[in-house]
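J.: Below is a structure I'd like to ask you about.
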């Protein structure tokens with residue numbers, strides 16, 4: 001009996017001593033990094049700007065601009081059965097790659113809503129029933145604080161929204177095009193125009209500029 005206990009003890013000790021070698025012999029699985037990087041080489045971006053110049057003082061009198069990525073229209077979007085589930089009740093980034101940015105050094109009145117001067121990230125919201133589109137204004141400070149990427153725009157709540165008008169469909173625009181249009185001498189009234197594929201949207205902008213005589 002005693003010899004059996006000795007043999008059992010030796011066997012257990014041998015197994016215990018061999019465990020490190022058995023563990024080391026197991027192939028190790030490569031660990032995946034928690035954070036990865038991504039980017040793009042010189043992505044195409046569009047810019048539209050309206051600037052004002054004081055000819056008496058020979059200096060700038062205000063400006064605002066929108067910078068945006070230019071995604072390509074997909075013909076599948078012309079099918080409401082595919083386009084509606086993607087857009088109804090959702091906010092679209094209104095661009096590609098980095099955020100679409102409105103940079104204004106003066107307050108603007110867009111569709112009757114006062115937009116304070118500063119930097120704004122823009123999105124485009126569509127109502128649940130699909131009848132109304134609105135510009136969504138996102139505070140960049142809050143978005144940066146949470147490291148929100150433009151592709152996660154649903155994670156960035158809008159500070160406020162401004163309605164835009166759906167215009168009749170025009171010629172196909174294969175890339176997103178945003179324009180700020182005005183007609184001289186009426187430089188206080190500017191129209192924001194958004195064209196992508198067959199989608200056409202617009203909004204009136206009133207600029208607080210005193211032209212003088």
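The values are calculated or read from the model by the stated rules, or taken from the named source; none is laboratory data. Predicted model, so just to flag it, every value in this text is computed and none were measured. For neighbour counting, all protein chains shown are included, and Cβ atoms are generated from backbone atoms with ideal geometry for every residue, glycine included.
J.: Please specify each residue of the stretch 36-64 satisfying the condition of being under 21 Å from residue 194 (Cβ atoms) and without any contact (Cβ under 8 Å) to a residue 60 or more places away in the chain.
T.: Residues satisfying the conditions are 43, 45, 47, 51, 63.
J.: Restricting the search to the stretch 101-138, which residues are touching a residue at least 60 places away in the same chain (Cβ under 8 Å) and under 16 Å from residue 157 (Cβ atoms)?
T.: 124, 135
J.: State the number of residues belonging to the stretch 160-189 that are closer than 22 Å to residue 96 by Cα, free of Cβ contacts under 8 Å to residues at least 24 places away in the same chain and in contact with a strand residue (DSSP E or B) (Cβ under 8 Å, 6 or more places away or on another chain).
T.: Number of matching residues: 0.
J.: Scan the stretch 31-46 for residues that are assigned to a loop (DSSP other than H, G, I, E, B) and modelled with pLDDT of 75 or more and jot them down.
T.: Kept after step one, since they are assigned to a loop (DSSP other than H, G, I, E, B), are these residues of the stretch 31-46: 31-44.
Matches in the stretch 31-46: 31, 32, 33, 34, 35, 36, 37, 38, 39, 43, 44.
J.: Pick from the stretch 79-100 the residues that are assigned to a helix (DSSP H, G or I) and in contact (Cβ under 8 Å) with a residue 12 or more places away in the chain: which of them is surrounded by the fewest Cβ atoms within 10 Å (Cβ to Cβ)?
T.: First pass over the stretch 79-100, keeping only residues assigned to a helix (DSSP H, G or I): 80-87.
Imposing the further condition that a residue be in contact (Cβ under 8 Å) with a residue 12 or more places away in the chain reduces the set to 84, 87.
Working: 84: 13, 87: 19.
Checking each candidate, the answer is 84.
J.: Across the stretch 52-78, what is the number of residues that are exposed (fewer than 15 other Cβ atoms within 10 Å of the Cβ), in a strand (DSSP E or B) and either on the phi > 0 side of the Ramachandran plot or touching a helix residue (DSSP H, G or I) at 6+ places or on another chain (Cβ under 8 Å) (or both)?
T.: Of the stretch 52-78, the ones exposed (fewer than 15 other Cβ atoms within 10 Å of the Cβ) are 53-60, 72, 74-76, 78.
From what's left, in a strand (DSSP E or B): 53-54, 59-60, 72.
Those left that are additionally either on the phi > 0 side of the Ramachandran plot or touching a helix residue (DSSP H, G or I) at 6+ places or on another chain (Cβ under 8 Å) (or both): none.
Qualifying residue count for the region: 0.
J.: Scan the stretch 120-149 for residues that are within 22 Å of residue 202 (Cα to Cα) and part of a helix (DSSP H, G or I) and jot them down.
T.: none
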